[in-house]
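The block underneath contains the structure these notes are about, expressed in structure tokens.
Just so it is clear, none of the values below were taken in a lab; they were calculated from the coordinates. As the structure is a prediction and not an experimental result, all values here were calculated from the model. All Cβ positions, even for glycine, are placed from backbone atoms using ideal geometry, and neighbour counts span all protein chains on display.
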Amino acid sequence: MADRRYETLVLIHPDQGEPGAKELATRIRTLVEEQGGAVTQVQEWGLRDLAHTIGKQRRAFYILFEYRVASKGLDEIQRTLKLMDPVLRFVSVRRPEGAPPAPPRPAKREREREDAEFERGEFEGLGEGEV
């Protein structure tokens, strides 16, 4: 069977902490490679707020994997992810062959810094009396 392109977004329990999330990302990468797949990209988006609570959690570590694997390998990856306790949710999507890789997302810290600058008034915007 031909390998297909997939991307999987994994939400990891916040109690794992950043080192635990990185270790779990390494385990998932190894899992994909054990199934005969090739990981092309891993993006760690960090700790982010959830749109709604999942298992009484309001935040989770987001990690995006892009890889190539046969469909039987994908089934085993998904089965293993379901059994991992630190994984709150995951979603796997088949990608078209000609699609470009996912663009990197800005780190949460950068957006928080920009928001803090805005709240302190340290931004380039309209001055006093300008409309």
Item to complete: Between Gln41 and Arg105, with labels modelled 7 Å along Cα→Cβ, what's the label distance in nm to one decimal, could you check?
Response: 1.3
Worksheet item: Can you give the FRET efficiency for Lys22 and Arg79, using 1/(1 + (r/R0)^6), R0 = 22 Å, r = Cβ-Cβ distance, to the nearest 0.05?
Response: 0.45
Worksheet item: How much net charge surrounds Val39 when only other residues with a Cβ under 10 Å from its Cβ are counted (Lys, Arg +1; Asp, Glu -1)?
Response: 0
Response to the item:
Among segment 69-94, those whose backbone N falls under 18 Å of a label point 7 Å along Cα→Cβ from Thr53 are 88-89
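Only counting other Cβ atoms within 10 Å, I'd like Ser71, Ser92 sorted with the fewest neighbours first.
Least crowded to most crowded, the residues run Ser71, Ser92.
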Practice prompt. Averaging over all projection directions, find the projected area of the Cα convex hull of segment 4-120 and quote it in nm² with one decimal place.
Written response: 8.2
